[in-house]
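The values are calculated or read from the model by the stated rules, or taken from the named source; none is laboratory data. Quick caveat, the model's predicted, so the values are computed rather than measured. Neighbour counts run over all protein chains shown; Cβ positions are idealised from the backbone, glycine included. All accessible areas refer to the heavy atoms of the entire protein, side chains included, with ligands and DNA or RNA removed. Shrake-Rupley method; radii C 1.70, N 1.55, O 1.52, S 1.80 Å.
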Amino acid sequence: MKITRVETFLVPPRWLFCRIATDEGLVGWGEPVVEGRAETVRAAVEELSDLLIGADPRRVEDLWQTMTKAAFYRGGPVLSSAVAGLDQALWDILGKSLGVPVHQLLGGAVRDRVRVYGWVGGDEPAQVGEQAAAQIEAGLTAVKINASGRVSPLPTARETDEIVRRVAAVRAAIGDGNDVAVDFHGRISVPAARRLVPLLEPYRPMFVEEPVLPEYTDRLADVVAATTTPIACGERLYSRTDFLPALRAGVGVVQPDLSHAGGISEVRRIASLAETYGALLAPHCPLGPLALAASLQVAFATPNFLIQEQSIGIHYNSGTAELLDYMADRSPFAFVNGAIERWEAPGLGIEIDEAAVRRADRTGHRWRPPLWRHPDGGHAEW
């Protein structure tokens, strides 16, 4: 079997898909993207395709090693995301060629279903509480909220109170039988995190995510020591070596993204590394159907898995295309008691609506993250 063609598709709201075709008719799909830099990753995929055309797609590990190491300059979000999507597509082909799901190739399933959580939007505590309750009503048992909107690196007393009220409103709305995670998006400083995160402890967050920017991973130990709440990070870390300092700092939850951190091949290794530190895996995935399918295949086969992010109905995509729009069969992603049931279809196990993807690519997108500024005109973290 030989790879004959690599294609990419720029699809709304902010995603990039790739398709690998073979001379035996098998096709694999993946999702290589950096949100806001999709065109850049598309160029990287095209460059990497030179290494793939004519190769046997079933030699997944050899091709991963080649794509990541066959250049003097390595790593970084663009290259690792391009590799990630191609890696997903290669695993998809391998599974289809053998007639088994990817999780079977990873050693077999260790669970029957994967617990998932949904995002909650809204600006005011009352709105956040209402939307959290709506997610629970829709069949989920866990939600995640942004701790704040634009906020000072050292939050004022008022900003601090607003953050606490948001979390309190969600806890009141969903009750003690469901979970809430709190994402800071790296918007506050280390001293602020050490002061603020402990204030959330009475509301028992499942975890607090990315309290500080990944540039300050070496300071995470200070945050971990300041609170009993598990600290999570990893959506902007791209390799085992990136995660090692965070694990040594004592983070309780690692969140590699299957479309950023080298795909299935690297994330399974990150999960194993995390297990040696007693940390749990909760893959980052506010993306499309292929990234979610790849994440779930890893989750089905990973002992130290905690929970899976997913973007069905996410507020970021309101008014644009939605994850399920690109699926020929939506049933694999049905929520059952707050979880997605394991499936046994080969490869990634989902069927992409290729016609819908090709139509969407004709329109494409030019999504960019919001540009925020503080009242004094200085840059603010989104």
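For the reader, a short list of remarks on this structure follows.
- Just one of (1) in a helix (DSSP H, G or I); (2) among the aliphatic types (A, V, I, L, M); (3) within 24 Å of the chain's Cα centre (by Cα) fails for V212. It is (1).
- Cβ-Cβ under 9 Å pairs, at least 6 apart or on other chains, segment 266-283 side open to solvent by 10 Å² or more (accessible area, probe 1.4 Å), far side of a type outside the set (D, E, K, R) and modelled with pLDDT under 95: none
- Here S295 meets the list (1) modelled with pLDDT of 95 or more; (2) surrounded by fewer than 23 Cβ atoms within 10 Å (Cβ to Cβ) almost entirely, failing just condition (2).
- Pairs where the first residue, in segment 315-334, is within 23 Å of G122 (Cα to Cα) and the second is part of a helix (DSSP H, G or I) and at pLDDT 80 or above, C-beta under 6 Å, 6+ apart: L323/P289
- Members of segment 222-245 that are closer than 15 Å to F184 by Cα, part of a helix (DSSP H, G or I) and open to solvent by less than 30 Å² (accessible area, probe 1.4 Å): V223
- Residues being exposed (fewer than 13 other Cβ atoms within 10 Å of the Cβ), over 22 Å from I264 (Cα atoms) and touching a residue at least 60 places away in the same chain (Cβ under 8 Å) - total across segment 341-365: 1
- Flag not set for G54, criterion: touching a strand residue (DSSP E or B) at 6+ places or on another chain (Cβ under 8 Å), of a type in the set (G, A, S), open to solvent by less than 30 Å² (accessible area, probe 1.4 Å) and modelled with pLDDT of 95 or more.
- Screening I340 with (1) modelled with pLDDT of 95 or more; (2) part of a loop (DSSP other than H, G, I, E, B) gives one miss only, at (2).
- Within segment 177-201, residues that are over 17 Å from T217 (Cβ atoms) have Cβ atoms under 7 Å from residues that are surrounded by fewer than 18 Cβ atoms within 10 Å (Cβ to Cβ) and of a type in the set (A, V, I, L, M, F, W, C) in these pairs: L199/V164; L200/V164, counting only partners at least 6 apart in sequence or on another chain.
- Taken together, the residues in segment 23-39 that are more than 13 Å from V83 (Cα to Cα), open to solvent by 10 Å² or more (accessible area, probe 1.4 Å) and out of contact with any strand residue (DSSP E or B) (no Cβ under 6 Å at 6 or more places or on another chain) amount to 6.
- Total residues in segment 112-151 satisfying the condition of being part of a loop (DSSP other than H, G, I, E, B) and open to solvent by less than 50 Å² (accessible area, probe 1.4 Å): the figure is 9.
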